[in-house]
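The values are calculated or read from the model by the stated rules, or taken from the named source; none is laboratory data. Keep in mind that what you see is a predicted model, and the values were worked out from it rather than measured. Here Cβ is always computed from backbone atoms with ideal geometry, including for glycine, and neighbour counts include all displayed protein chains. Calculation scope for accessible area: heavy atoms of the full protein, side chains included, ligands and nucleic acids excluded. Shrake-Rupley method; radii C 1.70, N 1.55, O 1.52, S 1.80 Å.
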Amino acid sequence: MSLHLKSKFAPGFFGLTLVGATLGLGNPAAHAADPVPPTLTCPAGSTAYGPASLTRMAVLVMNPRQGENLSIPLTGLSLKAGDRLNIVNYLSWDGYETRASTPAQLNEKWAVRAGTVVSAYTEDIADGVTFAQTTGSLGSIVATADAPVDLVHHGLLNESTIFNSVFPIGVCLSVDSPFDLKVTKALTGSGPFQQGSSATFRMVVTNNGPGTASGWEMIDVVPAGFTPTALSPVVAGSATCTLAQARCVSTGSLAPGASVAIDMTGTVGIASGSLRNVVYVDKAPADLAETIPLGTPPTSSTDTAQTPTNNDAEASLTVVAPTTSTTTTTTTTTTTTTTATATTTTTPAATTTTVPTVIVPVTPGTPAPAPAAPAAPAPAPAAPAPAATPTTSATTTTGAVVAGVTITTAVPTAPVAPSIETEGIAFTGSENSAVSLMGAIFITLGAIFLVGIKLRKN
């Protein structure tokens, strides 16, 4: 290429004033014999970007410093703040017919820029050959503000660069937007849970977007008193889980809005109380930082409701002691006391009835008047009910009229011993009449006998 120099020295310093002198350093203009630039092919997962047309980036004028084609915008590509631009591959080339005889051109480099953030530079292209190229990755840059993406020549950023030109054939780029991983946890059964019961917790890892998470890992903080027996994703192949570590790792990227559910089953080992099970999720180590990062990983005592991240969660279950059934046997002892009751039957002494002396005047030769018919005896009392106490005898009064005088005689009735029968003895009407008649006859005869004795004495 041609380089225009303007001397900064006073005239006559070397006996030569170089003003507008032209030094032939090679002409980068296309000629029929110039080599053909190569084509960039990008690997899967990236997109090729380059100048709209092959444009040489060159420094043409040194003093005063001027530039030509020192930056090339990449049409149709801009980043949002927080976006990560991955420069998977690049292709840098330079070549023209007379390049092999051109003096060395230093720092034939360029970089990718987004706003004020600049990537690493490309490798310098070899000198002394008609054409040469370099290729490789330039890593990643994260935009700090919304900005377009362009390719920038090394000379634009470092004024020490002179005597160079280069073709940036293109770059292979992929863009990762910020994402936000979230995890939730819930107990799948309602219990009741007792020691030895099986319980299952379900964890769901979700990408809230807007970008894609290239990977993640989930770790369960297993509490004391709970022994995991199974750990696996609900959809096979979405994650790989290790039961011993209570850890699951994604097997692929997680698109915005996508989720992966994982179940952990275990055995309850405490007799009663509460079991808190904490879980957390973290991004892949090489992935873009989350918009809401995990921060400090939680422990089993962390209250996840109070942490500033949504990368942790917890669920609890209550263990109840089994109900103890107590059988009480009551033995009732019945003591039978037999009391011997002596029954004493008191027989009352015979009652002597004093019959008043009745003087009946009798005319000699006149027969004694016949006694009046005895009054009907009172009905016999009903037989007394059995009793432990002695039975008192009753007195029956019988009257008779002798010689116009009523003679009343009290005849004791013999006491009736208590019956051992459970029913009383009842007399019929005819039996009562017979007994009454017999008594009346005996009383009348007794009265006549007494009257006769009295008359005899007189």
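Residue pairs whose Cβ atoms lie under 8 Å apart, sitting 6 or more positions apart in sequence or on different chains, and linking a residue in the stretch 259-272 that is crowded, with 19+ Cβ neighbours inside 10 Å to a partner that is of a type in the set (Asp, Glu), are Met264/Asp220. Looking at Ala58, Ala81, can you tell me which residue is of a type in the set (A, V, I, L, M) and at pLDDT below 90? Exactly one residue qualifies, and that residue is Ala58. Collect the residues in the stretch 124-138 that are surrounded by 16 or more Cβ atoms within 10 Å (Cβ to Cβ) and within 59 Å of the chain's Cα centre (by Cα), keeping them in residue-number order. Selection gives Leu138 alone. Just one residue in the set Ser214, Ser198 is under 28 Å from Pro256 (Cα atoms) and of a type in the set (S, T, N, Q); that residue is Ser214. For the stretch 68-85, the candidate set comprises residues that are buried (at least 18 other Cβ atoms within 10 Å of the Cβ) and not in a loop (DSSP other than H, G, I, E, B); within that set, the residue that is nearest to the chain's Cα centre (by Cα) is Arg84. Considering every residue within the stretch 169-181, establish whether at least one is surrounded by fewer than 16 Cβ atoms within 10 Å (Cβ to Cβ) and either outside any strand (DSSP E or B) or without any contact (Cβ under 8 Å) to a residue 60 or more places away in the chain (or both). No, because not a single residue in the stretch 169-181 is surrounded by fewer than 16 Cβ atoms within 10 Å (Cβ to Cβ) and either outside any strand (DSSP E or B) or without any contact (Cβ under 8 Å) to a residue 60 or more places away in the chain (or both). The condition of being in contact with a helix residue (DSSP H, G or I) (Cβ under 8 Å, 6 or more places away or on another chain) and more than 20 Å from Arg247 (Cα to Cα) does not hold for Asn158. Quick one: is Phe201 surrounded by 15 or more Cβ atoms within 10 Å (Cβ to Cβ) and either under 30 Å from Ala305 (Cα atoms) or acidic (Asp, Glu) (or both)? Criteria met by Phe201. How about the stretch 300-310: which of its residues are open to solvent by 70 Å² or more (accessible area, probe 1.4 Å) and either closer than 19 Å to Asn208 by Cα or modelled with pLDDT of 95 or more (or both)? Answer for the stretch 300-310, where residues must be open to solvent by 70 Å² or more (accessible area, probe 1.4 Å) and either closer than 19 Å to Asn208 by Cα or modelled with pLDDT of 95 or more (or both): Asp303, Ala305, Gln306, Pro308.
If the condition is being in contact (Cβ under 8 Å) with a residue 40 or more places away in the chain and open to solvent by 60 Å² or more (accessible area, probe 1.4 Å), then the stretch 212-243 contributes Ser214, Ala224, Thr227.
Against the condition open to solvent by less than 40 Å² (accessible area, probe 1.4 Å), at pLDDT below 95 and either in contact with an Asp or Glu (Cβ under 9 Å, 6 or more places away or on another chain) or closer than 17 Å to Glu314 by Cβ (or both), how does Ala246 come out, does it pass? No; evaluated as a whole, the condition is false for this residue. Cβ-Cβ distances below 7 Å connect the following pairs, each with a first residue in the stretch 277-299 that is open to solvent by 60 Å² or more (accessible area, probe 1.4 Å), a second residue that is assigned to a loop (DSSP other than H, G, I, E, B) and of a type in the set (D, E, K, R), and a separation of six or more residues or different chains: Thr291/Asp180; Ile292/Asp180.
Among the residues examined, Thr206 does not qualify as over 23 Å from the mean Cα position of the chain (by Cα), modelled with pLDDT of 95 or more, assigned to a strand (DSSP E or B) and not hydrophobic (A, V, I, L, M, F, W, C).
When the stretch 139-158 is filtered for residues that are assigned to a loop (DSSP other than H, G, I, E, B) and either of a type in the set (Ser, Thr, Tyr) or over 56 Å from the mean Cα position of the chain (by Cα) (or both), the ones remaining, listed by number, are Thr144, Asn158. Please tell me if Thr323 is touching a strand residue (DSSP E or B) at 6+ places or on another chain (Cβ under 7 Å), among the β-branched types (Val, Ile, Thr) and open to solvent by 60 Å² or more (accessible area, probe 1.4 Å). Spelling it out, it is not the case that Thr323 is touching a strand residue (DSSP E or B) at 6+ places or on another chain (Cβ under 7 Å), among the β-branched types (Val, Ile, Thr) and open to solvent by 60 Å² or more (accessible area, probe 1.4 Å).
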